[in-house]
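A.B. asks: So that we are looking at the same thing, I have put the structure below in structure tokens.
The values are calculated or read from the model by the stated rules, or taken from the named source; none is laboratory data. Treat the numbers as computed from the prediction; the structure is a model and nothing was measured. For neighbour counting, all protein chains shown are included, and Cβ atoms are generated from backbone atoms with ideal geometry for every residue, glycine included. Accessible surface areas use protein heavy atoms only, side chains included; no ligands, DNA or RNA. Shrake-Rupley method; radii C 1.70, N 1.55, O 1.52, S 1.80 Å.
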Amino acid sequence: MLISHIDSLWPVVFCTHRLRGCETMTPMRVATWILVGIATAGLCVGCGSEETATGGSDSDSTTGTGGTDPTTTSTATETTTTTTAGPGSDSNSMTAGEPECGNGMIESGEECDDGENNGGGGVCKDDCTTNICGDGYVGGAEECDEGAGNDDAGTCKSDCTLASCGDGVVGPNEECDDGENNDDAGTCKSDCTLAACGDGILGPGEGCDDGNTDDGDGCTSQCALPSCGDGVIDDGEACDDGNADNTDACTDTCTEPACGDGFVQALAGEECDQGIENDDNGDCTGSCLLATCGDGLVHNLGEGVEECDDGNGEEADACNTMCIAATCEDGLQNDLETDVDCGGGVCDTCGLAQGCNVDDDCLPNKCEDGLCQLAASCNELLALNPGLESGEYTIDPDGQGPSEPLTVMCDMVADGGGWTMIGSLVNDFNRNWNSLEVFTNATTFGDLASHTAADYKNAAWALVPGDGLLVRTDEYGVAWSNGLLGNATLAEYVTATYDVNMCSQNFIGGTPTYGENLSDEQLQVFDIVMRARDTNAACFPTTNENALLTMTLQSCCWTMGLGNTPSGQGTWSQHDLSLLKLSNITRGDCNANNYPCNPTGSWNVGTPCYDTSCKAPYATVWVR
């Protein structure tokens with residue numbers, strides 16, 4: 001080629017159409033013109049054209065300077081210039097009529113000729129054929145050309161463009177390519193990778209994507225938002241077994257099974273579960289067990305009919321084995337009852353001879369030897385029943401002994417109460433208290449209902465022991481609560497203190513500790529002398545005015561008390577007692593302990609009498 005031999009062209013004759021002739025040029029100038037010619041595509045190498053450089057004819061000969069003899073031959077269609085170098089140099093020649101690829105002119109057999117721009121990625125290849133996609137050469141607007149290897153699925157696509165994400169063709173290393181529809185929120189992402197769970201991008205069908213495949217971190221390994229039933233235990237869930245079975249180890253609300261959740265978990269021992277309706281008194285208990293008699297829970301709600309349930313198999317306690325509560329009318333001894341339907345503090349008190357544990361099981365009576373028994377005295381009765389009012393009560397002084405129970409009058413007030421009336425003496429001219437024996441034996445007579453009108457003596461005279469003695473008339477009463485009787489019956493006391501061999505001058509009672517309707521001075525007149533001596537005669541049961549149990553004495557002769565002597569003054573001896581009326585009791589001073597003056601230096605100076613005009617109509621006798 002011309003350019004490749006430009007250094008040997010010295011001197012060179014360069015003929016152009018534009019110069020209208022030939023001239024000798026240096027190699028540098030020649031190169032400059034060649035380049036210009038190539039760029040303008042109007043280059044004519046050699047001398048000659050339609051006109052000659054000098055004469056304008058079709059063929060001219062021009063002789064240059066410097067020993068150069070160029071010859072130029074022109075034809076109508078083609079001009080060929082032969083240039084010969086000067087002596088001693090190499091020569092190159094171009095022969096007219098032979099096309100040359102790369103001369104910048106499209107000649108016969110050429111599709112193109114961009115001269116030195118041929119090849120190298122141009123539109124015209126080195127062989128002057130047009131660069132087309134698929135010919136294996138990268139040219140023109142091509143980005144690539146692998147010839148037969150062009151493939152839309154390859155690096156170089158069939159249109160000779162490089163495969164790239166977003167071109168709509170799935171190329172190498174691409175998982176997808178939706179072209180302009182690529183979208184990180186779509187099936188094919190902007191980097192031509194398929195949307196996938198764990199890529200950190202929220203894609204189609206995903207509820208979340210945190211870029212990992214860990215469960216339990218707020219986004220499951222399946223890119224779903226945590227939810228009960230997904231099989232993954234998430235925050236707020238106690239369990240998650242991925243199913244909706246509420247009878248297994250995890251409910252469909254992802255909570256561990258528990259009694260009260262409304263689901264029956266048989267494996268956990270539940271027999272029922274009514275949720276918030278569970279009730280220890282209902283059909284399903286708070287422990288999720290079916291209510292049954294004997295479970296210790298009273299099943300009285302829902303379909304329950306239990307009255308009680310003490311959880312045991314005892315038939316005789318407060319609740320029987322049918323869960324029916326014991327009552328005081330069921331005809332059975334059950335619960336705390338000490339006998340059938342009585343006692344124990346749960347029913348009314350038991351009757352006589354019924355079983356008991358304590359006195360309260362028998363009130364107003366007492367419990368003795370496991371049986372309810374009558375009190376032996378009014379004092380015992382009051383102790384069993386504090387606050388009990390005065391009145392008639394049945395007592396049994398000898399308990400299980402041979403004596404029958406008896407009804408007596410009880411004074412529950414005087415001097416603290418607890419007094420048992422054991423008899424009465426009445427001045428009705430019908431004497432019963434006229435011998436020592438009647439005062440010491442266990443005989444009885446009269447009637448309680450008429451004890452103020454007729455003599456009366458009950459079994460308590462010889463059966464009820466006591467420490468105190470109370471004597472009461474229709475106007476007053478005096479009592480010795482100083483241990484006078486020594487816990488003996490009055491019959492025993494009289495027997496022990498009555499001396500058949502001597503009329504006594506001994507005061508054995510002292511001043512009464514209690515008095516009713518008596519002044520303190522009047523009370524000092526009273527004392528007790530058993531079988532007191534009449535100072536001008538003898539003593540009970542012989543002559544003059546004396547009594548068996550004397551309670552007041554005069555300055556002479558008179559001993560007033562209970563049991564008038566039967567052999568004394570006629571009128572006197574018709575009466576059972578000689579206690580004076582209240583108006584006839586007046587204290588007088590005397591020499592203490594100088595009989596008949598009592599130890600207080602007192603005696604009665606009131607007016608005595610033989611008949612009943614100065615005497616009390618009756619006197620009742622009580623012990624405590």
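A.B. asks: Would a scan of the range 364-378 turn up a residue that is closer than 17 Å to I422 by Cα and assigned to a helix (DSSP H, G or I)?
C.D. replies: yes
A.B. asks: Would you mind finding the one in G351, G313 that is under 28 Å from G417 (Cα atoms) and out of contact with any helix residue (DSSP H, G or I) (no Cβ under 8 Å at 6 or more places or on another chain)?
C.D. replies: None of the other options fit; the residue is G351.
A.B. asks: Name the single residue that is nearest to E392 (Cα to Cα) among those in the range 609-618 being open to solvent by less than 40 Å² (accessible area, probe 1.4 Å) and part of a loop (DSSP other than H, G, I, E, B).
C.D. replies: That would be A616.
A.B. asks: Further question: Would it be correct to say that P512 is touching a Pro at 6+ places or on another chain (Cβ under 6 Å) and not β-branched (V, I, T)?
C.D. replies: No: the conditions fail for P512.
A.B. asks: With the structure loaded, tell me whether V494 is touching a Ser or Thr at 6+ places or on another chain (Cβ under 9 Å) and without any contact (Cβ under 8 Å) to a residue 40 or more places away in the chain or whether it fails that test.
C.D. replies: So V494 does not fit the description; no.
A.B. asks: In addition: For the range 421-436, does any single residue satisfy the condition of being part of a helix (DSSP H, G or I) and either out of contact with any strand residue (DSSP E or B) (no Cβ under 9 Å at 6 or more places or on another chain) or in contact (Cβ under 8 Å) with a residue 40 or more places away in the chain (or both)?
C.D. replies: yes
A.B. asks: Could you tell me whether any residue of the range 452-469 is open to solvent by 50 Å² or more (accessible area, probe 1.4 Å), aliphatic (A, V, I, L, M), touching a residue at least 24 places away in the same chain (Cβ under 8 Å) and not in a loop (DSSP other than H, G, I, E, B)?
C.D. replies: Checked against the condition, which is being open to solvent by 50 Å² or more (accessible area, probe 1.4 Å), aliphatic (A, V, I, L, M), touching a residue at least 24 places away in the same chain (Cβ under 8 Å) and not in a loop (DSSP other than H, G, I, E, B), the range 452-469 yields at least one hit.
A.B. asks: Is the range 258-266 home to any residue that is under 26 Å from N334 (Cβ atoms) and part of a loop (DSSP other than H, G, I, E, B)?
C.D. replies: The answer is no; no qualifying residue exists.
A.B. asks: List the residue pairs whose Cβ atoms are under 7 Å apart, where the first residue sits in the range 596-608 and is at positive phi, the second is open to solvent by 10 Å² or more (accessible area, probe 1.4 Å), and the two are 6 or more positions apart or on different chains.
C.D. replies: G601/D589; G601/C590; G601/N591; G601/A592
A.B. asks: Follow-up. Which residue is least open to solvent (accessible area, probe 1.4 Å), if the candidates are limited to the range 426-435 and must be out of contact with any Lys or Arg (no Cβ under 9 Å at 6 or more places or on another chain) and among the hydrophobic types (A, V, I, L, M, F, W, C)?
C.D. replies: Checked the range 426-435; the qualifying residue least open to solvent (accessible area, probe 1.4 Å) is V426.
A.B. asks: Given the options E111, E143, E107, name the one that is open to solvent by 70 Å² or more (accessible area, probe 1.4 Å), over 30 Å from V170 (Cβ atoms), modelled with pLDDT of 50 or more and part of a loop (DSSP other than H, G, I, E, B).
C.D. replies: E111
A.B. asks: Out of all the residues in the range 231-257, which are at positive phi and open to solvent by 30 Å² or more (accessible area, probe 1.4 Å)?
C.D. replies: G231, G236, G242
A.B. asks: Further question on the same structure: State whether one or more residues within the range 433-449 are of a type outside the set (A, V, I, L, M) and in contact with a His (Cβ under 9 Å, 6 or more places away or on another chain).
C.D. replies: No, that holds for no residue.
A.B. asks: Right, here's the next one. Which of the residues spanning the range 326-363 are open to solvent by 30 Å² or more (accessible area, probe 1.4 Å) and either of a type in the set (S, T, N, Q) or outside any loop (DSSP other than H, G, I, E, B) (or both)?
C.D. replies: Scanning the range 326-363 gives T327, Q333, D339, T349, Q354, N357, D359, D360.
A.B. asks: Can you name the condition, by its number, that V621 falls short on among (1) assigned to a loop (DSSP other than H, G, I, E, B); (2) of a type outside the set (G, A, S); (3) open to solvent by less than 10 Å² (accessible area, probe 1.4 Å)?
C.D. replies: (1)
A.B. asks: Can you tell me which residue among G606, G588, G563 is at pLDDT 95 or above, more than 20 Å from L470 (Cα to Cα) and in a strand (DSSP E or B)?
C.D. replies: G588
A.B. asks: Does V138 qualify as being modelled with pLDDT of 90 or more and either among the aromatic types (F, W, Y) or part of a loop (DSSP other than H, G, I, E, B) (or both)?
C.D. replies: In short, no.
A.B. asks: Let me ask something additional. In this structure, is K157 surrounded by 15 or more Cβ atoms within 10 Å (Cβ to Cβ) and within 30 Å of G139 (Cβ to Cβ)?
C.D. replies: yes
A.B. asks: Any idea which of (1) within 30 Å of N212 (Cβ to Cβ); (2) open to solvent by 40 Å² or more (accessible area, probe 1.4 Å); (3) modelled with pLDDT of 90 or more is the one C101 doesn't satisfy?
C.D. replies: Only one criterion in (1) within 30 Å of N212 (Cβ to Cβ); (2) open to solvent by 40 Å² or more (accessible area, probe 1.4 Å); (3) modelled with pLDDT of 90 or more is unmet by C101, namely (1).
A.B. asks: Go through (1) over 23 Å from T338 (Cα atoms); (2) in contact with a Lys or Arg (Cβ under 9 Å, 6 or more places away or on another chain); (3) assigned to a strand (DSSP E or B); (4) not small (G, A, S) one by one and return the number of the condition D415 breaks.
C.D. replies: (3)
A.B. asks: Go through the range 386-413 and give me each residue that's over 16 Å from W461 (Cα atoms), surrounded by fewer than 20 Cβ atoms within 10 Å (Cβ to Cβ) and among the hydrophobic types (A, V, I, L, M, F, W, C).
C.D. replies: L388, V413
A.B. asks: Right, another one. Among the residues of the range 385-403, count how many are touching a Leu at 6+ places or on another chain (Cβ under 9 Å), farther than 18 Å from L371 by Cα and of a type in the set (D, E).
C.D. replies: Result for the range 385-403: 1.
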